[in-house]
Structure formats: structure tokens, C-alpha cells
Amino acid sequence: MSPARPRLAVWKFASCDGCQLTLLDIEDHLLDVAGALDIAYFPEATKGEVEGRYQLSLVEGSITTPHDAERIREVREMSETLVTIGACATAGGIQALRNWADVDEYLSIVYAEPRYIDTLSTSTPIEHHVRVDFELRGCPISKHQLIEVIDAFCHQRKPGIPRHSVCVECKLRGTACVMVAQGIPCMGPITQAGCGAICPAYDRGCYGCFGPSQDPNIDSLAAWWKRLEVSDVDLVRALRTFNAYSPEFREASEAYERRA
């Protein structure tokens with residue numbers, strides 16, 4: 001009798017659904033995943049549900065409500081391995097901009113009856129609340145990197161996800177540096193690889209979708225941007241996008257905000 005396949009669960013918190021849907025966008029590889037894992041819980045894709053425990057949980061989204069904070073602890077208890085996927089789950093997402101704002105003021109403007117809204121004043125990554133076994137970054141994540149993470153789990157090895165910068169991807173595809181050649185501000189030198197350097201290939205600066213690379217030299221990038229007449233205010237805005245609450249981007253944005 002063949003052993004039971006490991007159970008996979010896919011969870012959603014505060015997010016746009018794009019990263020979890022990447023699992024459905026892996027095309028022919030989806031059959032391989034379905035053959036290696038029992039997709040036991042995935043509300044976005046199936047009506048069926050198999051109660052945990054789950055050997056692998058993929059978690060999308062940030063924690064923004066008291067209910068979220070309680071529920072992620074339940075997910076952690078049911079999961080042997082927990083992997084966060086996407087900028088919301090790994091860095092708070094674009095919604096983490098609330099962390100520098102007055103949430104009560106937002107509620108009074110947006111909702112007719114704000115007293116019925118139960119929310120936290122912050123949007124925080126999953127790792128702020130429970131232990132995370134691996135983080136897969138991106139907005140959205142790369143389907144190729146997702147396949148690598150799943151394959152690594154199935155073969156009980158560490159995922160081979162690069163931590164070098166987007167600049168390496170530009171060199172690999174033969175793309176000239178848009179910052180040096182065209183004077184276009186680019187986040188590539190401090191952003192983790194994973195997208196294939198799409199934006200620079202089309203004469204646009206990197207937006208930092210995959211979060212900070214390993215040991216990013218943000219001060220050096222700021223010096224380059226200053227030569228391009230980019231203000232500290234605009235640098236702060238660039239750091240506060242998809243991965244605003246990642247430690248490296250958060251600390252740098254707060255430092256440059258004090259200078260602006």
C-alpha cells in the first residue's frame with residue numbers, strides 16, 4: 001500500500017489573492033503538484049475541504065484584524081511546515097502604509113459607521129505573530145520559485161531561492177543598466193531577484209516588488225539617486241510600496257523621512 005501524500009493547505013489573510021492564484025498558474029506543473037501533494041484546503045480553487053493536520057501550508061496576506069491574529073495561530077498549530085508567500089505575508093504588503101498613519105482617521109473617512117469595524121492599527125507580516133519556516137517574496141510571487149519551494153518540501157531540502165539583487169538578472173539577460181545609461185531611478189541594486197528584471201528590460205526602473213536583497217546598501221543607492229535629483233521624500237515613497245514594512249526598507253525610510 002502506497003504511503004499517503006502530504007496534505008497541502010492554502011490560506012488567505014489580508015491580500016489581493018494574486019499570490020495564491022500563482023499556484024493555479026503553473027500550468028502543466030500543476031498536475032505534478034497534484035500528484036505529489038493532496039490539495040486538502042484551498043477555498044479559492046475547490047469546494048472540498050479536508051480537516052488538518054497539514055504537512056505544508058502556504059499562507060498569503062498580512063495580519064490586519066484581531067480575528068486574523070487569532071486565526072494565524074490556529075493555522076500554525078495545524079501546519080507542520082508553514083511557508084509565507086508574497087509581499088503581504090512577508091512584509092505587510094501595500095496595506096502596511098497604515099503603519100505610518102492614523103487608522104482611526106481613515107475609518108472615519110471611508111466607513112459610514114466606523115464603530116462596526118474591528119481592525120488593528122497596523123498591517124504586519126505573518127512572522128510577527130507565529131514561527132515561519134520559509135518566506136517566498138514577490139508581488140506577486142514567481143511561479144518558478146513557487147515550484148522550487150514545493151519541490152524542495154517534497155524532497156526534504158532547502159529551497160534554492162536566490163538572495164542576490166535584480167542587477168544580476170539584468171546582467172544575465174544582457175540588459176544595460178537603466179540608471180547608469182539612461183538616468184532612470186531604479187531599485188534594482190537593493191531588490192531581491194525573482195522577477196527576471198522585467199521592468200529594466202522595458203526601460204523602466206525596478207519598483208522593488210521582491211523586497212530587499214541580502215545586505216542591501218540603501219545609503220549607496222540614495223547617493224546615486226541624489227545625483228539624479230531624486231529628493232529624500234521621493235526616496236521614502238519608493239521604499240514604502242509593496243514591501244514597506246520589511247525591516248531594511250522600513251528602517252531606511254524612517255531615517256530618510258527624518259532628514260526630508
query: Quick check: anything in region 85-106 touching a His at 6+ places or on another chain (Cβ under 9 Å) and closer than 18 Å to P212 by Cα?
result: yes
- line: From the option list I190, I147, single residue qualifying as in contact with a strand residue (DSSP E or B) (Cβ under 8 Å, 6 or more places away or on another chain) and either among the charged types (D, E, K, R) or within 30 Å of T81 (Cβ to Cβ) (or both) is I190
- prompt: Do you know which residues across region 20-54 are free of Cβ contacts under 8 Å to residues at least 60 places away in the same chain, in contact with a strand residue (DSSP E or B) (Cβ under 6 Å, 6 or more places away or on another chain) and over 30 Å from N99 (Cα atoms)?
  reply: D38, I39, A40, Y41, E49, V50, Y54
task: Confirm whether V236 is touching a residue at least 24 places away in the same chain (Cβ under 8 Å), within 15 Å of A96 (Cα to Cα), surrounded by 12 or more Cβ atoms within 10 Å (Cβ to Cβ) and of a type in the set (A, V, I, L, M).
output: yes
task: Only residues that are assigned to a strand (DSSP E or B) and within 15 Å of the chain's Cα centre (by Cα): list them for region 11-48, please.
output: W11, K12, A14
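Say whether the condition of being closer than 29 Å to Q192 by Cα, among the charged types (D, E, K, R) and surrounded by fewer than 19 Cβ atoms within 10 Å (Cβ to Cβ) is met by at least one residue in region 49-63.
No, region 49-63 has no match at all.
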message: Quick check on my filter: what residues within region 161-191 are of a type in the set (V, I, T) and under 16 Å from S220 (Cα atoms)?
response: V166, V180, I184, I190, T191
message: So, in region 203-223, how many residues would count as being farther than 18 Å from C139 by Cα and surrounded by fewer than 16 Cβ atoms within 10 Å (Cβ to Cβ)?
response: 6
Among the residues listed as R250, R259, R227, the single one being under 19 Å from the mean Cα position of the chain (by Cα) and basic (K, R): R250
- request: Please go through region 50-76 and pick out each residue that is closer than 16 Å to L37 by Cβ, outside any strand (DSSP E or B) and touching a Phe, Trp or Tyr at 6+ places or on another chain (Cβ under 7 Å).
  value: V50
message: I'd like the full set of residues that are within 21 Å of P162 (Cβ to Cβ) and either outside any loop (DSSP other than H, G, I, E, B) or assigned by TED's automatic domain parsing to the domain that holds I126 (or both), limited to region 231-260.
response: P247, E248, F249
- request: Could you check how many residues of region 83-119 are part of a loop (DSSP other than H, G, I, E, B), of a type outside the set (V, I, T) and surrounded by fewer than 17 Cβ atoms within 10 Å (Cβ to Cβ)?
  value: 6
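The values are calculated or read from the model by the stated rules, or taken from the named source; none is laboratory data. For clarity, every value in this text was computed on a predicted model and none was experimentally measured. Here Cβ is always computed from backbone atoms with ideal geometry, including for glycine, and neighbour counts include all displayed protein chains.
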